[in-house]
Amino acid sequence: MAGPTGTETPEVALGPLYRADAPRCAELERILFPGDDPWSAQAFRDEIAIGHPYVAARVGQELVGYAGLAFVAGPPQAEAEVHTIGVDPAWQGHGIGRRLQNALLAVADEVRATVFLEVRTDNEAAQALYTSTGFTVVGLRRRYYRPSGADAYTMRRDPVPPPVPDPHC
């Protein structure tokens, strides 16, 4: 796989997002969501401090992507919301967004949570990613994004069923 310069891609490592990453996340938010209300560095620091699961994608020491999830209800009927997924435009198209999303879904699957998210109705690439991992459109939020006034689909992914015990064990 080639990196942003067309050379061989270094290893992309997933791990925790740290408070020190907040300024870089805010920088990427401004690039990725210029017509809307991008998250501030303080918003990222607050989410991390609360303890919500946030994941970073790094190439070496460089933060190239981030994703965050929040639980809004606990078991037995757990619910979670994907707060954000962002990948540096120079690194898009290399599967980093999918890896970040899968990391969030693995956390939700541990408690068999129903997962919700909002996505711009004109963001077909993100919709395709979400649909490919089991999300379906369940609603439309008119003028959800500010200040652009763009509409959003609400999408839902049902909980993963519990594993079936192997009768031969």
Could you pull out the residue among A43, A57, A20, A70 that is assigned to a strand (DSSP E or B), surrounded by fewer than 20 Cβ atoms within 10 Å (Cβ to Cβ) and modelled with pLDDT of 95 or more?
A70
In segment 86-115, anything without any contact (Cβ under 8 Å) to a residue 24 or more places away in the chain and either buried (at least 20 other Cβ atoms within 10 Å of the Cβ) or in a helix (DSSP H, G or I) (or both) is listed as A106, E110
When (1) out of contact with any His (no Cβ under 6 Å at 6 or more places or on another chain); (2) surrounded by fewer than 18 Cβ atoms within 10 Å (Cβ to Cβ) are applied to V64, the one that fails is (2)
Expected single match for in contact with a His (Cβ under 8 Å, 6 or more places away or on another chain) and more than 21 Å from D36 (Cα to Cα) among H94, H52 is H52
Of (1) under 22 Å from E27 (Cα atoms); (2) in contact with a Lys or Arg (Cβ under 6 Å, 6 or more places away or on another chain); (3) not acidic (D, E), G95 satisfies all except one. Which?
(2)
One residue is enough: does segment 140-151 have a residue meeting the conditions under 24 Å from P38 (Cβ atoms) and buried (at least 19 other Cβ atoms within 10 Å of the Cβ)?
no
Note on segment 116-139: residues at pLDDT 95 or above, surrounded by 13 or more Cβ atoms within 10 Å (Cβ to Cβ) and assigned to a strand (DSSP E or B) are F116, L117, E118, V119, V137
Given (1) of a type in the set (A, V, I, L, M, F, W, C); (2) touching a Phe, Trp or Tyr at 6+ places or on another chain (Cβ under 6 Å); (3) part of a loop (DSSP other than H, G, I, E, B), number of the condition V164 does not satisfy:
(2)
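The values are calculated or read from the model by the stated rules, or taken from the named source; none is laboratory data. Every value quoted in this text rests on a predicted model; they were computed, and no experiment measured them. In this analysis, Cβ positions are derived from the backbone assuming ideal geometry, glycine residues included, and neighbour counts consider all displayed protein chains.
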